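To start, the structure under review is shown below, and the notes come after it.
The values are calculated or read from the model by the stated rules, or taken from the named source; none is laboratory data. Here the structure is a predicted model, which is why all the values come from computation and not from measurement. FYI the Cβ positions are ideal-geometry reconstructions off the backbone, even for glycines, and counts take in every protein chain you see. Quick note on the areas: whole protein, heavy atoms, side chains included, nothing else; ligands and nucleic acids left out. Shrake-Rupley method; radii C 1.70, N 1.55, O 1.52, S 1.80 Å.
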Amino acid sequence: MKIICVGRNYADHAKELGNQVPDEPVIFLKPKNSLLSPGNNLFYPAFTNELHYECELVVKINKNGKFISPGKAKLYYEEVSLGIDFTARDIQDKLKKKSLPWEKAKAFDGSAAVGQFVPLSKFGNPKNLHFQLFKNGELVQDGHTADMLFGIDVIIADVSQYFSLNIGDLIYTGTPPGVGEVVISDRLEGYLEGEKLLDVMIE
Ligand code: MG
């Protein structure tokens, strides 16, 4: 399986990091080892002093495909969850300044936390989902999928022009504003439409 991530998919988040709003999906990958399954905690990596959370809606691919049209994309997923795209922001800033790839900042072991998956049919329209992230009980991110610059179907269509999609692949669809730092012993809890799907501690 592979983990496909969309960057800068919410205009207000692109702005909070001083980035331009993109005119096509910004895509990067994380390896299998980056997956942090439910029930596991993240060990604070030694190479960073500024670890950030980015809470995102995660879509699970349920069918193999390539060159998928936006109109057919719905046939390729039926379950969603919430995830954290953990980012070593200090490392990323350093790499961005040199126009270098982001993997050291984004693709490290445990950097893709994911919660329990739930059937999308439970919620209805994937374009109108509300999700929230709490850090130590305090609301820090409050997102609506309606604010995505590129919706799930457009992302699948775009990505599948470049990479085949395979059963079990995960797509992290970008984070709303409110990203911030975590330190050891912080707890992150994610709610989709009021249902708790994600619970991660930093160790
Ligand atoms: Mg992200």
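Worth a mention:
- Residue pairs meeting the criteria (Cβ under 7 Å; at least 6 apart or on separate chains; first surrounded by 14 or more Cβ atoms within 10 Å (Cβ to Cβ), in segment 95-109; second hydrophobic (A, V, I, L, M, F, W, C) and outside any helix (DSSP H, G or I)): Leu95/Trp102; Trp102/Phe28; Ala105/Ala88; Lys106/Phe28
- Residues that are hydrophobic (A, V, I, L, M, F, W, C) and open to solvent by 40 Å² or more (accessible area, probe 1.4 Å) within segment 27-44 comprise Ile27, Leu29, Leu35, Phe43, listed in sequence order.
- Within segment 27-38, the presence of at least one residue that is within 24 Å of His144 (Cβ to Cβ), within 14 Å of the chain's Cα centre (by Cα) and among the hydrophobic types (A, V, I, L, M, F, W, C) is confirmed.
- Here is the figure for segment 32-49: residues that are within 16 Å of the ligand (Cβ to nearest atom) and more than 21 Å from Gly190 (Cβ to Cβ) total 1.
- Single residue of segment 180-196 satisfying the filter (closer than 22 Å to Ala107 by Cα and not in a strand (DSSP E or B)) that is nearest to the chain's Cα centre (by Cα): Val182
- Checking Phe47 against (1) under 15 Å from Lys2 (Cα atoms); (2) open to solvent by 10 Å² or more (accessible area, probe 1.4 Å), the condition it does not meet: (1)
- Residues that are open to solvent by less than 10 Å² (accessible area, probe 1.4 Å), part of a strand (DSSP E or B), closer than 30 Å to Met201 by Cβ and in contact with a Phe, Trp or Tyr (Cβ under 7 Å, 6 or more places away or on another chain) within segment 134-179 comprise just one, Gly143.
- Residue check, Leu42 in contact with a Cys (Cβ under 9 Å, 6 or more places away or on another chain) and in contact (Cβ under 8 Å) with a residue 24 or more places away in the chain: no
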